Amino acid sequence: WIERLAVIRTAMRANQELLSIALAHTEVQITNSIQGSREFLSESIARLVEARRPYPPVLRRRVFCIIRASILAIYREKALGEGAAAGQRRETVTEATQALQNLFWVPIESILTAEYPIRQGLTAQPADTPLMRDEAFQEGLHELSEAAIHALGAIAALNVLCGRTTWEEVEAEAARPYGTVLFWSCANSLYRGLALRFLSVVVMNLQQHGYTAHTQVLSSLLKVWVLAMLDPTQTKAQAQVTLALVKLEATAKYLDCPREAHGLVDALKRDSDGCMRAQWVASCLSRAAKDSRLGALIHTWPVEVTTYFQARMKEMQQISREECVAWRARFCNAVAACLTCDPGMLQLLNRPVRVQAGTMLSAFLRLLIAQVVEHVLHGVQRGPLLDLESDEFILELGAARQALRGSPVKHLGEVLWILAVMRSWNEKDPVVTQELHLLCTALVETLPGESGFESAAGMAQLELFADGLLSSGSRAGGQGLGHYVLGTYCRRWLMRSSYRNSSCPRQAISALRLLRCLLAPEGGRSDALLRTYLPQVLLPFIHVLQPESEPASPAAAAELFRFVPVMLAAMPALPTCARAKAVTQACIDFNRALLLASHPVEQEEFLNAVAVLLDFLCCAAACSIVCQVDGGESPAGVLGSLRNRDDYTGFADFTASRTWLFRLLGRPFPSMPVEQQYQKSALALASHMPSGYPSAGDGATAALHFLAALGSISEAGKAWVLQVLAPIFQLLDARGSQHIGLSAKYQVMVRTMGLGSEWELSPQVPASPAPPLKALRSDAGRASPSAEGEQSGSREVREFAGLQGLAGREVAVVAQI
């Protein structure tokens, strides 16, 4: 039987060779002319490519060659046009086209079904036949599938050109079994790649034979290309569909990418961060939006892109978290580029998507803001809280800045500018109020807000927020948003600093750090910006130190004393002491509304308001120091002693300061719209809020730090300090031995300000022993104040002395004290 089996195999090989030769002759015959060769397109030949039949790959390839030759012959017959035999040619073309569709489509489709079984239906299972278990067949299945895709694509294109099939039917065939509506969001990467390759082949064949796409087809093709460019797993298919569309005349003018295959593939490989793809997508959307034919057809793109993004995020999360984060950043690059690629893009996208679904602009904006907030809440690695003055914090801050530049948060500037433009169109736009509330609360209220300490990632986050507010105000149409944020959200955080809710003092501390970041860049130090932004928070500063009902938060008060010198140093000049009391002589309109206008406050009005605030702050600093050193003294007693001095020219009255500051600046922004947003989202960020009250710190040290910094700014600052220095000097001169650390810092301040020996403390007898080195190195920022005034650590002394510009020898002497 072995010999017989060998004979049978030899005969089978001979038959296969004969059949292969016959098929080759058939191909030649059809290539010469389709007329008279129609009978070769028979069911017998079609069976040779069917997946369930055990024919060798060489015969299947021969059949694919016959199909290709038949299609080319049909195109040649169609190109001959009218003539003597025109009717016969049309009949031949029709019969051949029908034969390809009716006889060959299903057998070729069976090859794709073998590799892509879900095309039969969502519940379909892979075929379990002897052939499907054949290893040789499985090894060549992918190659056969590619040949099948090209054959089916060529047949589909022929049917479209002959008018037998519409483009919608071709697209539905590519989207099996989900349908065109659900395919791009439901299909996995394998089936999306198949659909893109099939459509690319169809377009290639259409382009070669002069197909003219009407508007509906054009919109569909461009949408498919946009989704392909955003796909995280389809680099090869991206190249194929792009090459097909850039060669089609109708779509080429919308695509701004390389036309040659090598250049396109190289560009896609180099585009690791997705920025180049983002620019291509943005350019396509911009050109389509400007086209009057397409403008009404692309309005659903943002909704489809959003659905597509959500589906791809779930897919990428199953692969790895790192790849998911990287792709989300690339996707946000594309969305941000779409919104900002053209100066008039916002107006073009401000079109309704559908009833009660907003506009294209709002859909894209919501998608981008959602990813910014998602990264802030879950993607940022906060890290430990670090001393803001330490070298470790500076090093970590650089790494945190770099990390945010590679995340969706880097688009914060563009987002804030778009919100500002939309707010200029309609101040009551619900999209603006909701999305701005989401951004402000996520960026500020979730930070730890610890006095003197912050995570590097949190500070980098505040810097980006501040830069975004400044940059949006400097761009066309973006003025007013920073002014509004400070007048509503920042004001609210500061005014609520004394509330019993433990997150309120932390929010006030974070708000003060945001203000510090606003003043840090060079753009934030211009006089016009200072007179625009700072008036919004001057009155809330008073509420931080002197709330109307509950006791002030020591941590928020200490942070305010650290911030105010930064604010004053940014001003071109400080107001004089006499200006504070002079405002009571001026005629002030009770119906002022200087805070509601987005333009800068007049210079005189601004200096008057700062003078009232400075008088209040100096008095509050003196009360803080005196009341901590002398536990029996009250703020009212300190203020009374100041008012009794002949050389004092201020109010020395907290209520009067608050009243006159309100009269100078007028009413603030209405708080109701912001409060309504807080009511709607009361539980949205509850799990991300910091818990527990922040560490109180040393209030007297922070107050003395403020006075020292104020006196070092200018002669006008020194005059403000001298207004309130007498009660501090008298108390420390009498009880300095009980407060060695505070007395040492006072001495440094007096000497660096050059106040003279009459302000220096007398020698303390008996001298107190020097504290141990461990105490000097303790964490001053977290030390709670005591009635005895314990030393606050060498870091505070170094910081204080450095602020005054002392030489190294003087710093060392102070540290030894």
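Below are the figures for this structure:
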quantity	calculated
Nearest-20 debye value, the chain charge dipole, Cβ charges on Lys, Arg, Asp, Glu	1720
Segment 200-330 - Rg over Rh from alpha carbon coordinates, Kirkwood radius	0.97
Helix-only CD estimate at 222 nm, as mean residue ellipticity for the chain, using -39500 (n - 2.57) per DSSP H run (n ≥ 4)	-20000 deg cm²/dmol
Pairwise label distance in nanometres, residue 549 with residue 586, each label 7 Å out on the Cα-Cβ vector	3.3
Accessible surface of residue 680 - all protein chains present, 1.4 Å probe, nearest 10 Å²	150
Lys/Arg +1, Asp/Glu -1 at C-beta; the chain dipole; positive extreme among 268, 722, 690	268
Given charges at beta-carbon only (K, R positive; D, E negative), |dipole| of segment 1-52 in Debye	180
Cα gyration tensor category, rounded, prolate or oblate, for segment 55-109 with a/c compared to 1.5	prolate
Highest average packing first - 370-377, 462-469, 753-760, 97-104, Cβ atoms within 10 Å	462-469, 370-377, 97-104, 753-760
Selected from 534, 588, 485, residue furthest toward positive end of dipole (segment 473-623; charges at beta carbon)	485
Share of alpha-carbon pairs per 5 Å distance bin for segment 692-751, given as whole %	4, 16, 28, 24, 14, 8, 4, 2, 0
Residue-by-residue Karplus 3J(HN,Hα) for segment 702-719, coefficients 6.51, -1.76, 1.60, Hz, glycine and proline x	5, 5, 5, 4, 5, 5, 5, 5, 4, x, 8, 6, 6, 5, 5, x, 4, 5
Share of carbon and sulfur in the accessible heavy-atom surface of segment 1-85 [1.4 Å probe, %]	59
Positive-end residue of 243, 709, 54, charge dipole of the chain with Cβ unit charges	54
List 489, 693, 178, ordered by accessible area with a 1.4 Å probe, largest first	693, 178, 489
Prolate/oblate/rounded call for segment 572-637, Cα gyration tensor, a/c under 1.5 rounded	prolate
Gap separating the Cα centres of segment 168-194 and segment 67-118, nearest whole Å	24
Per-selection Kirkwood Rh - segment 438-542 (Cα, Å, 1 d.p.)	13.8
Segment 375-459: proportion of alpha-carbon pairs further apart than 21 angstrom, %	40
Interchain or long-range residues, amide H under 5 Å from residue 359's placed H	353
For segment 469-480, 3J(HN,Hα) per residue [Karplus equation, 6.51 cos²θ - 1.76 cosθ + 1.60, θ = phi - 60°, Hz, x = Gly/Pro]	5, 5, 5, 5, x, 8, 9, 4, x, x, 5, x
Three-way shape label, segment 253-374, alpha-carbon gyration tensor, a/c 1.5	oblate
Volume of the Cα convex hull of segment 331-377, divided per residue and given in Å³	67
Principal-axis tilt of helix 275-290 within the chain, Cα atoms, nearest 10 degrees	80
Cleavage-rule hits (chymotrypsin sites (Phe, Trp or Tyr not before Pro)) in segment 490-533: DSSP loop, at most 14 neighbouring Cβ within 10 angstrom	none
Debye-sum result for segment 7-61 in log10 I(q)/I(0), which assumes one identical scatterer on each alpha carbon, at q = 0.23 Å⁻¹	-0.97
Degrees, to the nearest 10: 535-545 long Cα axis against longest axis of the chain	60
Percent breakdown of C-alpha pair distances by 10 Å bin, ordered from the shortest bin, for segment 489-566	20, 53, 22, 5
The chain: angle of helix 740-753 to the longest principal axis, Cα-based, in degrees nearest 10	90
Per residue value of the accessible surface for segment 518-646 (all protein chains in place, 1.4 Å probe), Å²	39
Largest-first principal axis extents, alpha carbons of segment 498-618, Å	41, 35, 27
If the convex hull is drawn through the Cα atoms of segment 598-675, its volume per residue in Å³	131
The chain - Rg and Dmax from Cα coordinates, angstrom	38.2, 130
Under 25 Å from residue 745, Cα to Cα: lysines that are on another chain or at least 8 residues apart	718, 774
Descending semi-axes in Å of segment 1-118, equivalent ellipsoid built from Cα gyration tensor	33, 18, 10
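The values are calculated or read from the model by the stated rules, or taken from the named source; none is laboratory data. Please read these numbers as outputs of a predicted model, since none were measured by experiment. Neighbour counts run over all protein chains shown; Cβ positions are idealised from the backbone, glycine included. Just the protein is used for accessible areas: all its heavy atoms, side chains included, with ligands, DNA and RNA removed. Shrake-Rupley method; radii C 1.70, N 1.55, O 1.52, S 1.80 Å.
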